[in-house]
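Visitor: Handing you this structure, nothing more for now.
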């Protein structure tokens, strides 16, 4: 019996004791009775729980070849601190992030050399057209914003990304329920059966991008995903001609947390999809160990568009490879309330008419 | 002679009054029918003036029916609530379209196809709860 005292109640988490009257383990707190085998298997599930473990190999960092970075210039923004790289034939006057003037700092040097680059496939006109399409079909958009909106400068920026390849080895435990309703002569009954479900296995990931620029909003860059990795080519400085390139200022180590978080969520979701036949499934515990982790430093093409309206900055971004366009838009409060109250009046009249018709029939 | 002519005149007058009343009732019925189509809020018998005239003719008193009033009010209340709810959902959907920048929660786009390998899996039954509700009242619950 001493061994039983170590078991935790799957229902409330309390310590379970053996009840001599029912001859079963029973929780003294919630009065739930269990079979001994059930508790043993649940206990073995719990003992398999372990903490996350993320191991990465960062050996893929490249070095600039001699003389390769000679033609590259570094500009710095005095406002946001952003550092922009471009070749000596490209004039950079404004920061692509905050739209403030930037000044030349000097020659590029000391950075890692990108492993790969995805060249721009869409030009500036495509970005302008995408912006127009983005503004269409938005009834709540202030008319002034649409009519008077003019983007001063559209900039093509190569944004630094860290790409993570990894294999996740996960052990996930779920709490699942099966609900059954039935009727007796006196009662309506709802029976809920609880299950402990475990899944262990592996899942592989390729090229998860995490932007390496602190000035670039993570959610903005994640919103224009995915990039087609098959379009990536070996980095050549010639690809920078006519475009700006951001310097990475978030190290591969610091970016890793974001990749780990996304890997963990995806792994839990993938394993969750194998738990079928239940009314509800919730994750109770998961441990994900990342192995064979490799990183690459790449430049991805992004068109950046900035505008200011009502003293608020609006930044839009377009995937320079696929054309996916994102950017939050302002909401006209007057239109919002007009649509809400006008719509409520119309809908109420329709609903009233329907109710009256039904009563008349 | 005079009496006969007076009776005839009265009979004629009654016929005329009846005809005018019928035409007036018909006209009112037409207006009420059109009003019902245009504005269902008046689809209630207490506003049917033809009946009121009939009742008055027979010397019957008119009583307002409070239950009918509350029926209309509840219908208006339900309609406003449902209408506002529908409108709110529509406007919130429209508003959500204004926000296209969202952080990626997972890395589903980067999962290697067919790479999911399950090493072990188990589904263990733990316990069950049954909630019984009496069929007649539905007020008291018992839990086992």
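Visitor: Residues in region B:73-104 near a label at residue A:359, defined as backbone nitrogen under 17 Å from the 7 Å Cα→Cβ point?
Guide: It comes to B:73-83, nothing else.
Visitor: So how tilted is helix A:252-272 from the main axis of chain A? Cα-based, degrees 0 to 90, rounded to 10.
Guide: 40
Visitor: Within a 10 angstrom radius of the beta carbon, how do A:75, A:229 rank from fewest other beta carbons to most? Walk me through the intermediate numbers first.
Guide: On the way: A:75 23, A:229 17.
Least to most surrounded, the residues fall as A:229, A:75.
Visitor: Right, next: For chain A, what is the calculated [θ] at 222 nm in deg cm²/dmol (nearest 500), taking -39500 (n - 2.57) for each run of four or more DSSP H residues and dividing by its residue count? Numbers along the way, then the final one.
Guide: Working: 6 runs with 85 residues, N = 361.
Taking each H run of at least 4 residues, the total per residue is -7500 deg cm²/dmol.
Visitor: Further question on the same structure: Against the longest principal axis of chain A, how steep is helix A:36-47, in degrees 0 to 90 to the nearest 10, with axes from Cα atoms?
Guide: Its long axis makes an angle of about 20 degrees.
Visitor: Suppose the chain between residue A:132 and residue A:182 were pulled fully straight at 0.36 nm per residue; how much longer would it get relative to their current alpha carbon spacing? Write down the numbers at each step before the final one.
Guide: Values: separation 50, 0.36 × 50 = 18.00 nm, distance 5.71 nm.
My answer for the length gained is 12.3 nm.
Visitor: Still on this structure, please answer the following. For residue A:46 and residue A:228 in the same chain, what is the full-extension length gain: residue separation times 0.36 nm, less their Cα-Cα distance, in nm?
Guide: On the way: separation 182, 0.36 × 182 = 65.52 nm, distance 4.07 nm.
Additional length available on full extension: 61.5 nm.
Visitor: Which value in Å does the Kirkwood hydrodynamic radius of region A:132-189 take, with 1/r averaged over all unlike C-alpha pairs and then inverted? Provide the component values of the computation, followed by the final result.
Guide: Values: mean 1/r = 0.0505 Å⁻¹.
Evaluated on region A:132-189, it is 19.8 Å.
Visitor: Additional query: With Kirkwood's inverse mean 1/r over C-alpha pairs for Rh, give me the Rg to Rh ratio of region A:167-303, two decimals please. Before the final figure, lay out the partial values.
Guide: On the way: Rg = 22.2 Å, Rh = 18.6 Å.
Taking Rh as the inverse mean 1/r over Cα pairs, Rg/Rh reads 1.19.
Visitor: If you don't mind, there's one more thing I want to ask. Using the C-alpha atoms of region A:203-273, what convex hull volume per residue, in cubic angstrom, is computed?
Guide: On the way: hull volume 9.2 nm³, N = 71.
Given the Cα convex hull of region A:203-273, per-residue volume reads 129 Å³.
Visitor: Moving to a separate point now. Measure out, as a whole number of angstrom, how far apart the alpha-carbon centroids of region A:162-189 and region A:246-301 sit.
Guide: With region A:162-189 and region A:246-301 each reduced to a Cα centre, they are spaced 21 Å.
Visitor: So for A:250, A:233, fewest C-beta neighbours within 10 Å to most, what's the order?
Guide: Working: A:250 18, A:233 10.
Lowest to highest Cβ neighbour count: A:233, A:250.
Visitor: Angle between the Cα long axis of helix A:333-360 and the longest principal axis of chain A, 0 to 90 degrees, nearest 10?
Guide: 40
Visitor: Considering only A:41, A:185, A:79, give the residue with the highest GNM mean-square fluctuation for chain A, with springs between Cα atoms whenever their separation is below 10 Å.
Guide: In this elastic network of chain A, the residue with the biggest mean-square fluctuation among A:41, A:185, A:79 is A:185.
Visitor: If you don't mind, another one. Take peptide A:186-193, look around each residue's Cβ out to 10 angstrom, count Cβ atoms belonging to other protein chains, and average those counts. Write out the running numbers ahead of the final one.
Guide: On the way: counts 5, 9, 6, 6, 5, 6, 5, 6.
Across the residues of A:186-193, the mean count of other-chain Cβ atoms within 10 Å is 6.
Visitor: Please report the Cα spread of chain A along all three principal axes, rounded to whole Å, starting with the longest.
Guide: The Cα atoms of chain A stretch 88, 72, 34 Å along the principal axes, largest first.
Visitor: At 25 °C and a viscosity of 0.890 mPa s, what translational diffusion coefficient does Stokes-Einstein give for region A:298-361, taking Rh as the Kirkwood radius over Cα pairs? Give it in µm²/s as a whole number.
Guide: Values: Rh = 16.0 Å.
D, rounded to a whole number, is 154 µm²/s.
Visitor: Under the definition of partner shielding as Cβ atoms of other protein chains within 10 Å of a residue Cβ, what is the mean value for peptide A:200-209? Write down the numbers at each step before the final one.
Guide: Details: counts 6, 7, 5, 7, 8, 7, 7, 4, 6, 4.
Shielding by partners across A:200-209 averages 6.
Visitor: Simple spin-label model, 7 Å along Cα-to-Cβ: residue B:89 to residue B:74 in nm?
Guide: 2.4
Visitor: Need one number for region A:232-361: average projected area of the convex hull over its C-alpha atoms, nm².
Guide: Working: hull surface 70.3 nm².
So the Cα hull casts an average projection of 17.6 nm².
Visitor: How much FRET efficiency would the formula 1/(1 + (r/R0)^6) give for residue A:294 and residue A:123, where r is the Cβ-Cβ distance and R0 is 22 Å, rounded to 0.05? Before the final figure, lay out each step's value.
Guide: Working: r = 33 Å, r/R0 = 1.51.
Rounded to the nearest 0.05, the efficiency is 0.10.
Visitor: To continue, here is another question. What is the fewest-to-most order of A:169, A:254 by other Cβ atoms lying within 10 Å of their Cβ? Present the calculation step by step, with values, prior to reporting the outcome.
Guide: Details: A:169 19, A:254 13.
By the 10 Å Cβ count, ascending: A:254, A:169.
Visitor: Calculate the mean, over all residues of peptide A:323-329, of how many other protein chain Cβ atoms lie within 10 angstrom of the residue's Cβ. Before the final figure, lay out the partial values.
Guide: Values: counts 0, 1, 1, 4, 4, 5, 5.
Counting Cβ atoms of other protein chains within 10 Å of each residue's Cβ and averaging gives 3.
Any read-out appearing in this document is the output of simple, stated calculations on the displayed coordinates, not a laboratory observation. Fair warning: this is a prediction, and the values are worked out from it, not measured in the lab. Neighbour counts are summed over all protein chains in view; Cβ atoms, including those assigned to glycine, are modelled from backbone coordinates with ideal geometry.
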